[in-house]
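The values are calculated or read from the model by the stated rules, or taken from the named source; none is laboratory data. Owing to the predicted nature of the structure, the values given are computational and were not obtained by experimental measurement. Note that each Cβ is placed from the backbone with ideal geometry, even for glycine, and that neighbours are counted across all protein chains shown. Ligands, DNA and RNA are excluded from the accessible area calculation, which covers all protein heavy atoms including side chains. Shrake-Rupley method; radii C 1.70, N 1.55, O 1.52, S 1.80 Å.
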Amino acid sequence: MSRKSNLTHQFLKELQKETKFSESKSQAKAAERKKAAENHEKYEQIKGIYSYKTYKDYAKAVKTFAGYVTKNHTEVKNMEQAKKYVPEYMESLKTRGLSAWTQHMYLYAIRSCYHCDVKEFDVTLPERRRADVIRCRDAESNILRNDERYQDIIKMAVATGARRNELLRLRKEDFREQTDVNGNKTGLMEVYKRGKNGYEKWCLVNPKYTGWVKVYLTFKEETETGEEKRLFEKREIPQGLPVHDLRADYAKDLYQYFESHGYADGRIYRCRGELTGICYDKGILEAVSENLQHHRNNVVVSYLFKE
């Protein structure tokens, strides 16, 4: 086994110890906050990897770090020897022009492997600003977004606001006409999204796409997948498709719809930091949040703040 492979193996072995896939992060946070309050202590951010996607991102990050160390410091043979080069590595990321968000992710990935606090590395991280978020780099000019083969899945993503895995789980029976409290049809549609962490909910179909969705469902052939029929196969939703950017389009359309249909309740959400001066109505934000399956206004704002 090469030095790089050996070091990478060590990092991944330690990273796996931090996984908590079967546990609830929200419940862990609530328990830690309760404990801190009872003991009159400051709440400390919980540690651990609760999402498989986070694990994949962290694994990729530490593999990159292992490659950097073995290339630039031939004497390094194990993790402990590599630890002192973390500040140097982080500085190289800054020099390469990586975003503040990416730098944070890389450092926390490395921290997870060493099971320590990031303060131990004596690294000064740049401030993360929502205005600097590039959810999908060059999303509008993304070659897949402009590929004729993927126009249907792109429309479905903007119509439903679904994540990639939620799109892959869609079935024809996951769509229905919306009815009001009296059982009368509203003319809109709803989609049943089977989200991450087992969260499932009927959400509003983007009103701009109601007609398109109805027509699409009449001719789209379903695919046998396991024990059920689904609308899409994996090959129909390429990994490089900027799905998060399409969710942002969904969020913006819904905010405009709810705003024009009286969802504003007068409670004002005032953005802070670099977004100071920008305000949204909390009633509308909450309505959009429910349909995005997020439940946090600040997360919804990051979708709305798309240039």
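In whole Å, how far is the Cα centre of the range 167-218 from that of the range 94-116?
The range 167-218 and the range 94-116 have Cα centres spaced 39 Å from each other.
Accessible area per residue for the chain in Å², computed with a 1.4 Å probe and the full protein assembly in place, what is it?
So the chain comes to 58 Å² accessible per residue, rounded to a whole number.
What ranking do 91-102, 160-171, 287-298 get when scored by the average of other Cβ atoms within 10 Å per residue, highest first?
Peptide ranking by packing, descending: 160-171, 287-298, 91-102.
If amide H atoms are built 1.01 Å from N in the plane of the peptide, which residues on other chains or at least 5 residues away come under 5 Å of the amide H of residue 19?
Residues meeting the amide H criterion: 49.
Rounded to the nearest 500 deg cm²/dmol, what is the calculated helix-only ellipticity per residue at 222 nm for the chain, with -39500 (n - 2.57) per DSSP H run of length n ≥ 4?
One gets -14500 deg cm²/dmol as the mean residue ellipticity at 222 nm.
So for the chain, taking the charge dipole from beta-carbon charges (+1 Lys/Arg, -1 Asp/Glu), which of 289, 68, 125 sits furthest toward the positive end?
68
Might you work out the accessible area of residue 33 for me, using a 1.4 Å probe with all protein chains in place, and round it to the nearest 10 Å²?
Result for residue 33: roughly 120 Å² accessible.
Which GluC sites (Glu not before Pro) from the range 31-85 combine a DSSP loop assignment with at most 10 other Cβ atoms within 10 Å?
Hits after loop and neighbour filter: 41, 75.
Would you work out which of 226, 237, 107 lies farthest towards the positive end of the dipole of the chain? Charges go on Cβ: Lys and Arg +1, Asp and Glu -1.
Among 226, 237, 107, the one farthest towards the positive end of the dipole of the chain is 107.
Whenever you get a sec, line up 21, 121 from highest to lowest accessible area (probe 1.4 Å, protein heavy atoms).
Ranked from most to least accessible, the order is 21, 121.
On full extension of the chain, what length is gained from residue 5 through residue 234, given 0.36 nm per residue of separation minus the C-alpha to C-alpha distance?
79.4 nm
Using r as the Cβ-Cβ distance of residue 71 and residue 180, and R0 as 41 Å, what FRET efficiency do you calculate, to the nearest 0.05?
0.05
Return the sequence-ordered ³J(HN,Hα) values of the range 206-217 in whole Hz as given by the Karplus equation 6.51 cos²θ - 1.76 cosθ + 1.60 applied to θ = phi - 60°, using x for Gly and Pro.
The phi angles translate into 3, x, 5, 10, 4, x, 4, 4, 4, 5, 4, 5 Hz.
What is the helix-to-structure angle for 3-16, meaning the angle in degrees between its Cα long axis and the longest Cα principal axis of the chain, kept from 0 to 90 and rounded to the nearest 10?
With rounding to tens, the tilt is 60 degrees.
Of 237, 46, which has the most accessible area with a 1.4 Å probe, and how do the rest follow in descending order?
Most to least solvent-accessible, the answer reads 46, 237.
Tell me, what is the percent relative contact order of the range 25-111, built from C-alpha pairs under 8 Å that lie six or more residues apart?
Taking the mean separation of contacting Cα pairs over the length of the range 25-111, I get 29 percent.
Just the number, please: carbon plus sulfur as a percent of the accessible area of the chain, 1.4 Å probe, no ligands or DNA/RNA counted.
It is 46 percent, rounded to a whole number.
Placing +1 at every Lys and Arg Cβ and -1 at every Asp and Glu Cβ, with all other atoms neutral, what dipole size does the chain have around its Cα centre, in debye to the nearest 20?
Computed charge dipole of the chain: roughly 760 debye.
Could you list which residues have their amide H under 5 Å from that of residue 203, counting only those 5 or more apart in sequence or on another chain, with H placed in the peptide plane?
The list, which skips near neighbours in sequence, is 191, 192, 193.
Given that just one value was derived from the coordinates, which of (1) 18.7, 52; (2) 22.8, 84; (3) 22.4, 74 is Rg and Dmax of the Cα atoms in Å?
After the calculation, the listed value that fits is (3).
Mind putting a number on the dipole of the range 1-131 about its Cα centre? Charges go on the C-beta only, +1 for Lys and Arg and -1 for Asp and Glu, and I need it in Debye to the nearest 20.
The calculated dipole for the range 1-131 is roughly 480 debye.
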